Amino acid sequence: MKKGILSKNFQLFVTIVLFLVLFLAGSLRYRGFFSAQVFLNLFIDNAYLIIIAVGLTFVLISGGIDISVASVVAFVGMLSAYLLQNGWNPYVVMLLMLLIGSTGGFLMGYIIHYFKIQPFIATLAGQFLYRGACFIISTTSIIIDNPVYTTIANYQIKLAPKAYISISVVIALLVVIAGTIMARFSKFGRAVYAVGGNEQSANLMGLPVGRIKVLVYVLSGFCAALGGIVFSFYTLSGYGLQNIGLEMDAIASSVIGGTLLTGGVGSVVGSMFGVLIQGIIQTIIIFQGNLSSWWTKVAVASLLCLFIVLQRIISANRDKFKRKMLNNA
Amino acid sequence: MENKEILLTMRKISKTFPGVKALNNVDFTLRKGEIHALLGENGAGKSTLIKVLTGVESMDGGQVTLEGKPIHVKSSQHAQTLGISTVYQEINLCGNLSVAENIFIGREPMAYGMIDWKMINKRAKELLNNLNVDIDVTKTLDSYPVAIQQMVAIARALDISAKVLILDEPTSSLDAAECKELFTVMRKLCNEGMGIIFVTHFLDQVYEVSDRITVLRNGELVGEYEAKSLPKVELIGKMIGKDYEQLQQIESAKKAHMENKESYLTCKNLTTEGNLKNLDLEVNKGEVLGLAGLLGSGRTETVRALFGADKILGGELSVKNTRIRNNKPITAIRKGMGYCSEDRKSEGIVGELTIRENIILALQAKKGMFRFIGKKEQTKISQQYIKLLDIKTPGCEQQIKNLSGGNQQKVLLARWLATNPELLMLDEPTRGIDVGTKAEIQKIVLELAEKGMSIIFISSEMDEMLRCCERMVVLNDKKKLGELSGNEKNEQVIMEMIAGGKSV
Amino acid sequence: MKKLTRNQIFWPLVALIVLLIYNAFFAKNFFKISVVDGHLYGNLIDILKNFAPLALLSIGMTLVIATGGVDISVGSVVAISGAIACSIIDGRLGIFNHSLVSALVSALLSGLACGLWNGFLVAKVKIQPMVATLILLTAGRGIAQLITKGKIVTINSAPMMKEYYFIGAGYLLGLPFALYIVIAFLFLVLLLVKRTAFGLFLQSLGINSKSSMLSGINVDRIKLVVYTISGFLASIAGILISSNIKGADCNNAGLFIELDAILSVAIGGNSLNGGKFMVQASIVGALFVQCLTTTVYALGVPPEAISLLKAIVIIVLCLFQSDSFRQRVFKGFKRSVKGADAA
């Protein structure tokens, strides 16, 4: 029984251990690394990415993919900056952004499911659309100086005398908790796993496959928009070329966190640790000082490669095991 | 038993697919507490009838009543809420979810707005215990063997508190002991008042467990019978119908060139990736060798190993006295072998390619990529085989997916004949094919053998095997039980061998 | 006529011609070609010059997509190859002494290596293509940066600069030299596809890889070859791009060009699920994409907004390729006809 649980969560386990090892290694190697604030900064700097990765994780578990998220972030930043400059109420702006993100997700999900268009292509169109729309608003960067936004951005929640987090971190953690509950304890969440595991079976078991597939993209669009709002707290500006390639970071986080890109397996917490691992690699490289920041990308890619091969080995072993069982039966 | 209350009736059910009348005014009645076998050859309309009943397909005409009330099943969800549950042949569950979850997904018990996992695991355990299965329900489904998965599927169907339970070929991947287990469960459920529709192609099992039998043929109802009062031979007659005689006409084709036994292929002590165990086999030139046994007995695994599709883990394989190591399909092809898989759709045809390209494929692979066969030559070769095998098509530039099953099978035969093989392995070459084409293919097989080609022939239909094969190797549980030739081989002996092999 | 419209290349060509006609009316001097410095000059010539890298990538991408895969790493390969070539010519690597030949050979070898790596992951380790190439996509720009030591390399003053510049931006017999490269590789690939059984095997395995394997086709080897070709062509594209700007910009060279390449393949009418393919049609697709870009420039729309147009093109194309969409639209049409009858 114990072994079963271990193997089921084996990848998550590896991810968390890896995170701890990296943190430990950094602490031993660099002076000033081992501090609460360095740890908390991982959350502060990556809050938006955690939020995006949560939404994307659901899409990946369902067996789909969403490469529009980075552009959604850019568009949300751009449009909210523009609207705020024109004197809109900041809360209305935030609500509107979430609505836009969800609606965009719904449209992509709809054409993916009902018109049988590959998720990659449909969300590619979404990516182009959002990105293009940014430049219709403006081709240059717009500053956000709305007092509500700047207050939220600068507010520090003190956890200890020398350790604080931002409001964004609270939002991100809430999203992670909500996502975990949704994945583990809601009918929708379990149905997402079922659809990703075997869509045809899920259909025959009476699950509303179409609705679930569309909803997953709505969720991803919502999270991307929320991530976009959090990101505009972080940068206090909007710019159309912001965050190019972010979708691949989010996907990589999920994979490092144990999500199978074939669908059916993955966890929200895992994806969060995936983001944190990328963050810690970056931090180590900054502490090292003399390394080009591009090593981050190379390191992340190597990890990605390692995890993907690990997944292959695990699933190949499982097949072998199944065959053995069949034979003995 | 006749007095039992009627549970479900289907009256004058019709369904037409483009070009095929799949069901034509079919009637079906299920009573409470009975096991009702639904029989028919492939293409008889069994699965269409089931699909109509479970809402996967809509019917064109007819009426369905459940407990006296007319119903219109719209979808499989709807069928489930009405109390009609199905366990399909291929297990339609999600391997990545836990056993318990597979039973309850979509209908999870909730507590405080969240899924109540404790309850799910507890009830799953109880349900499976009822079916005499005791396993850890929190493990993922794919960590269990198929037989257990089948039981989980049944448990799921039962929890929907089904009135009607449909079992579509549930035994095809179970061994004898597991079948027994399943039948006990089926009986138990019947005694609780459920009606069970049992679809299978194992006739012995029909007699073992069913009360009543309905036979379909070519989308029409042949009749409904009491299992006790219908002898097996008569049942087969009803399933095959008048075409039975047509099939017998080629009986005569047995020839007497048994003497020149020159060996083409031998394997010793073969153990493979497909779980074949210590198999010894010899194939002679110009003979039709049958591999007999039930589904999953190792028939397919044997030919796959010879053809290099499954890895050989131990033992020796030699063709014409040369040992073959590291066997791959291309090696086997160059050694003169050909293999028609039982799964025509996913392992045979290349759907969007033309008939010409499908025919030329293996020959081109045999020649290698750079010795390209020009288009003119390709057309010539394919037209030659279209004529030879009487493939019904407007031309060789048709996409193969547009052909009927029988003609697709002929194209696949042509693919291998074009490579001019010395050994042709045919796994269920006549499955799902109309009777006329079936007889044609059997005839072709015998003619080829006469010309000196060795053939390994596999079929689930014993008559066909007896008719075509000179010699038979009987397999069970991935092991060879023995060989039969000449007058020794008849259905009785083979069945007894398999039955005997099981008890060991 | 029916045969003509059924040809795969027909609709992409129509789209291209429509776009050109539009330009004839709305963009000034779009078709004007003059002779400057002994070579042809004008919007059309520009299109032919600038579409070369994309065309090369779309040739490779067509083959990869025919196997049912995808190669999203080509943009990164472009960056790597450009970085290697320019760094050698610039001399910052301290090897090969500014030699043009070794620069080109090293760049091409890097492309081959990247392609082999992708092919290895897909064919041997059996990783989904999208994921397998995601690795190199993520790492590639980092590797390129490491080669250039994080700088943008400009080769304006390097000894072999002129020769290198000629490859991507020079003219031969009045036409861009890059165009000849595209034609040469198109010819070579067509030779491979049409004059050997490679094309047949490729289609076959893209449609049904199990059947193909059982027919004796070495599925893994063909996949390996296809990804290698894609990587190799990407490295040539990288050379063209870096030569055209006389330098290697690891951040921006070939950024998102993989998406344009996929788009070109799709516009060419090739199914993204693999199987039947037509390399020429993808080239027309690439031409269309480039033409669209130039049109946008000519119209004075902010060039960044071009992605908006691309999005619209993708949506329209995909919807028309989608059976269920056509069915729905057609059904709706039929229903309204029926309704009209009843009335």
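Ordered by solvent-accessible area of protein heavy atoms (1.4 Å probe), largest first, the residues B:325, B:299 come out as B:325, B:299. Working from Cα positions, state the angle (0 to 90°, nearest 10) between the long axis of helix C:306-321 and the longest principal axis of chain C. That works out to roughly 40 degrees.
Under a 5 Å amide H cut-off, with hydrogens placed 1.01 Å from N, residue B:353 pairs with B:400 among residues at least 5 apart or on other chains. Excluding ligands, DNA and RNA and using a 1.4 Å probe, chains C and A jointly bury around 3600 Å² of accessible surface, summed across both partners. Look at the stretch A:178-191: the mean tally of other chain Cβ atoms within 10 Å of its residues' Cβ atoms is 3.
Kirkwood radius, chain A, all distinct C-alpha pairs, inverse of mean reciprocal distance: 20.6 Å. Need one word for region B:428-489: rounded, prolate or oblate. Basis is the Cα gyration tensor (sqrt eigenvalues a ≥ b ≥ c); a/c below 1.5 gives rounded, then a/b vs b/c decides. In terms of gyration-tensor shape, oblate. Protection proxy ranking for A:237-247, B:273-283, using the average of other Cβ atoms within 10 Å per residue and placing the highest first: A:237-247, B:273-283. Between the helical axis of C:279-299 and the longest alpha-carbon principal axis of chain C there is an angle of about 80 degrees. In the assembled protein chains, residue B:163 presents an accessible area of approximately 70 Å² (probe radius 1.4 Å). The aspartates and glutamates within cross-link reach of residue C:32, meaning a Cα-to-Cα straight distance under 20 Å and a gap of 8 or more places when in the same chain, are C:46.
With only the Cα atoms considered, region B:94-200 has a convex hull volume of 101 Å³ per residue.
Taking only the C-alpha atoms of region B:184-228, the Rg (one decimal) and the largest Cα-Cα distance, Dmax (whole number), read 11.6, 34 Å.
P(r) tail for region A:120-260, what percent of Cα pairs lie past 18 Å? Of all Cα-Cα distances in region A:120-260, 69 percent exceed 18 Å. Rounded to 0.05, the FRET efficiency of the residue B:27 and residue A:118 pair, given R0 = 41 Å and the Cβ-Cβ distance, is 0.35.
Per-atom-type breakdown for region B:1-158 gives carbon and sulfur 51% of the accessible area (1.4 Å probe, protein chains only). When C:11, C:117 are compared by accessible area at a 1.4 angstrom probe, the order from most to least is C:11, C:117. Accessible area ranking (1.4 Å probe, heavy atoms, ligands and nucleic acids excluded), largest first, for C:120, A:34, C:277: A:34, C:120, C:277.
Taking every residue in A:202-214 and counting other chain Cβ atoms within 10 Å of its Cβ, the average works out to 4. In the frame of its principal axes, chain B has Cα extents of 69, 48, 47 Å, reported largest first. For chain A, complete DSSP H runs whose alpha carbons reach 18 Å or more along their own long axis and whose mean Kyte-Doolittle score is 1.0 or higher are A:10-29, A:36-61, A:69-85, A:90-114, A:119-137, A:167-185, A:209-235, A:268-288. How large is the accessible surface of residue B:116 in square angstrom, using a 1.4 angstrom probe and rounding to the nearest 10? Residue B:116 has an accessible surface of roughly 40 Å² with all protein chains in place. Summarising the amide proton neighbourhood of residue C:158: residues at separation of 5 or more, or on other chains, whose placed amide H is nearer than 5 Å comprise an empty set. Taking square-rooted eigenvalues a ≥ b ≥ c of the alpha carbon gyration tensor, is region C:45-199 rounded, prolate or oblate, where a/c under 1.5 means rounded and, failing that, a/b exceeding b/c means prolate? Oblate, since a/c reaches 1.5 and b/c is not below a/b. Modelled spin-label separation between residue A:177 and residue A:10, with each label point placed 7 Å from Cα along the Cα-to-Cβ direction: 3.3 nm.
Once the Kirkwood radius over Cα pairs is known for region C:36-300, the Stokes-Einstein relation at 4 °C and 1.567 mPa s delivers a diffusion coefficient of 70 µm²/s. Do any trypsin sites (Lys or Arg not before Pro) in region C:1-99 lie in a loop, going by DSSP, with at most 11 other beta-carbon atoms within 10 Å of their beta carbon, and if so which? Within region C:1-99, the qualifying trypsin sites (Lys or Arg not before Pro) (loop, at most 11 other Cβ atoms within 10 Å) are C:28, C:32. Whole-Hz Karplus values for region C:111-125 come out as x, 4, 5, 4, x, 4, 4, 4, x, 4, 4, 6, 7, 9, 7 Hz, taken residue by residue from phi with 6.51 cos²θ - 1.76 cosθ + 1.60 and θ = phi - 60°; glycine and proline positions read x.
Relative to the globular-protein estimate of 2.2 N^0.38 Å, the Cα radius of gyration of region B:320-409 stands at 1.18. Exposed loop sites, defined as chymotrypsin sites (Phe, Trp or Tyr not before Pro) outside DSSP H, G, I, E and B with at most 11 other Cβ atoms within 10 Å, are absent from the longest region of chain B, namely B:113-369. Quotient of the Cα radius of gyration of region B:52-96 and 2.2 N^0.38 Å, N being its number of residues: 1.30.
Taking the 0 to 90 degree range and rounding to the nearest ten, how far is the long axis of helix B:491-503 tilted relative to the main principal axis of chain B, both from C-alpha atoms? Approximately 70 degrees, to the nearest ten. Per-residue mean of foreign Cβ neighbours for A:245-251 is 2 (Cβ atoms of other chains, 10 Å radius). Computed over region C:207-303, the range of Cα coordinates on each principal axis works out to 55, 28, 19 Å, biggest value leading. Applying a threshold of 26 Å to the alpha-carbon distances of C:149/C:246; B:376/B:401; A:187/B:122; B:46/B:387 flags B:46/B:387 as lying beyond it. Computed over the alpha carbons of region C:10-127, Rg followed by Dmax gives 19.5, 54 Å. Normalised size of region C:267-329, defined as Cα radius of gyration per 2.2 N^0.38 Å with N residues, equals 1.30. Legend: P(r) of the protein assembly as shown from all alpha carbon pair distances, 20 Å bins from 0, whole percents, reading 10, 35, 37, 16, 2, 0.
The values are calculated or read from the model by the stated rules, or taken from the named source; none is laboratory data. Predicted, not measured: the structure shown is a model, and the values here were computed from it. No Cβ is skipped: glycine too gets one built from the backbone with ideal geometry, and neighbour counts run over all protein chains shown. Just so you know, the surface numbers come from the protein's heavy atoms only, side chains and all, with ligands and any DNA or RNA stripped out. Shrake-Rupley method; radii C 1.70, N 1.55, O 1.52, S 1.80 Å.
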